[in-house]
Amino acid sequence: MERFRKNQHHSLEKKVELVSRFMLGESVKNLSVEQNISEPVIRYWVDQFKKNGVEGLLLRNNNYSPEFKREIILKVLNGDISSYRGVFRKVCQTPLGKYNS
C-alpha cells in the first residue's frame, strides 16, 4: 500500500467531489483508499463543508478571489468574525489595521 504524501495539495473540485460522495453515503475509508488521501483529511473537509459550505474548503488555498477577500474584510470590520484574525491575515496577507482607517 502506498503511503499518503504529506503536504499534498488538492483542488477545490476534488474536495467538493469527495465531500459530495461522502454525503451520498460512501465511507471515508473507501474514499481514502481509492484517492490515496488520509481519512482525517477527508473528515476535516467534510467538517469544514458542514460548518462553512464551499468557502470552508477554501481556507487552505492561498489563491483567494478578490470577492472572497472583500467579504472577509467586511465581516472582520463588522465584528462578525472577530475570532478569525488569523484567517484574515492568511486570506488578505495584510494587517487588519490598514482597513480600520
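The values are calculated or read from the model by the stated rules, or taken from the named source; none is laboratory data. Nothing here was measured: the structure is a model prediction, and the numbers come from that model. When we count neighbours, we look across all protein chains shown, and the Cβ atoms used for this are built from the backbone with ideal geometry, even at glycine.
In the stretch 27-37, is there at least one residue being at negative phi, outside any helix (DSSP H, G or I) and at pLDDT 85 or above? Walk me through it before giving the result.
Taking the stretch 27-37 first, the residues at negative phi are 27-35, 37.
From what's left, outside any helix (DSSP H, G or I): 27, 37.
Pick out the ones that are also at pLDDT 85 or above and you get 27, 37.
The answer is yes, given that some residue of the stretch 27-37 is at negative phi, outside any helix (DSSP H, G or I) and at pLDDT 85 or above.
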Name the pairs whose Cβ atoms lie under 9 Å apart, with the first residue in the stretch 13-41 and basic (Lys, Arg), the second outside any helix (DSSP H, G or I), and 6 or more positions between them or separate chains? 14/37
Looking only at the stretch 12-32, filter to residues that are surrounded by fewer than 14 Cβ atoms within 10 Å (Cβ to Cβ) and among the small types (Gly, Ala, Ser); which one of those is nearest to residue 56 (Cα to Cα)? 20
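Taking only the stretch 1-26 into account, find how many residues are modelled with pLDDT of 90 or more and in a helix (DSSP H, G or I).
10
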